[in-house]
Structure formats: C-alpha cells, structure tokens
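Asker: This is the structure I have questions about; it appears just below.
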Amino acid sequence: MLTADLIKDCFIAAGRAFTNKNLTIALLELFKEENEAALAALLDFSVSIADDYLTLGHEYSVFNEPTFKEKGGDVNRFPKWEQLGKSTQSTPLLLNLLAQYKIAMRGGIGGQLKYRDAIKDIVLRAVPPS
C-alpha cells in the first residue's frame, strides 16, 4: 500500500493515469537492472514509513492513532483494517507521515538524486499517455 501510494505521486507528477495496468507496467520497468537505484529508493522509503509508523514513541506512530485505540490497540489486527490509509478520519498520522516521505522523495538536497523525478521519468518512458 505504501509503495503504491508513493509511486502514485510519481504518476501524478508525470501526468499519467494511475491504473492497475499502468502501475504494473511501471513496476516492471522499475525492476529492470538499469533502474535499480530508483527502485531501491522507492522500496527504502516504503520500508522507512512502515518502520516509523510501527515504532512505539515515534511522533507519527500507530500507537498514537486515535482509531488504533478505539479498535482495541491490537498491533497485529490494525494493519489489516480495511480503512487503513483511506482517510484522515481513519489514520491521520499515517497519511501525514506518508505526505512527509513524498516531500522527502522530491529531495535533491545537497546534490542528492531527486527520486520522485527519477521514477517520474521511468513512468513517462514506460506508460503511454491516456
């Protein structure tokens, strides 16, 4: 879910329709050897979001979500909840954390690669306009 949401942001930047078919095309392209750095960054960002969200004491932790407490506080069941990440009413902290990582992917600070731009370019090459 996190990876799909991050790549969706790249689709929006590329002006391409985010469909299951287009997502599959882009992922297949990302898994090519020449795109290894972009794929690694995308997956690292996704894992970092999950890690931050599931870390007790982190500002944007699942343990601070109001709905987590309402749902019984079961860390094994909550990630399977159908409303996870769907709205600011269900998981505002997760969506806020995700938004921060999307900003970080735009990066480019200190000459670092702008991962969103790299993935956007891959999407532009792989996915035809609608």
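Asker: Over every pair of different alpha-carbon atoms in the range 20-65, take the mean of 1/r and invert it; report that Kirkwood radius in Å.
Answerer: 12.2 Å
Asker: Ok, one more. Can you pull out the GluC sites (Glu not before Pro) in the range 1-68 that DSSP calls coil and that have at most 13 other Cβ atoms within 10 Å?
Answerer: E59
Asker: Run through the range 1-93 and list the chymotrypsin sites (Phe, Trp or Tyr not before Pro) located in a DSSP loop whose Cβ has at most 15 other Cβ atoms within 10 Å.
Answerer: F31, W81
Asker: Per DSSP H run of n ≥ 4, the term is -39500 (n - 2.57); total these for the chain, divide by its residue number, and report the mean residue ellipticity at 222 nm rounded to 500 deg cm²/dmol.
Answerer: After summing the helix terms and dividing by the residues of the chain, the value is -18000 deg cm²/dmol.
Asker: Right, something else. What is the angle, in °, between the Cα long axis of helix 92-106 and the longest principal axis of the Cα atoms in the chain? Nearest 10 is fine, range 0 to 90.
Answerer: Here the helix axis deviates by roughly 30 degrees.
Asker: With an 8 Å Cα cut-off and a minimum separation of 6 or more residues, compute the relative contact order for the chain in percent.
Answerer: That works out to 36 percent.
Asker: Within the range 2-126, how many Lys pairs that are eight or more residues apart, or on different chains, come under 26 Å at the alpha-carbon?
Answerer: 25
Asker: At 4 °C and a viscosity of 1.567 mPa s, what translational diffusion coefficient does Stokes-Einstein give for the range 54-120, taking Rh as the Kirkwood radius over Cα pairs? Give it in µm²/s as a whole number.
Answerer: Approximately 97 µm²/s, per Stokes-Einstein.
Asker: Near W81, within a Cβ-to-Cβ distance under 15 Å, what is the net charge of the other residues, with Lys and Arg +1 and Asp and Glu -1?
Answerer: Here the count lands on +1.
Asker: List every residue whose amide H lies under 5 Å from the amide H of K86, counting only residues 5 or more places away in sequence or on a different chain, with H placed 1.01 Å from N in the peptide plane.
Answerer: T91
Quick note: the coordinates plus some simple rules give every number you see, no bench work behind them. Model, not experiment: these values are computed from the prediction. Every residue, glycine as well, gets a Cβ built from its backbone with ideal geometry; the counts of neighbours run over all protein chains shown.
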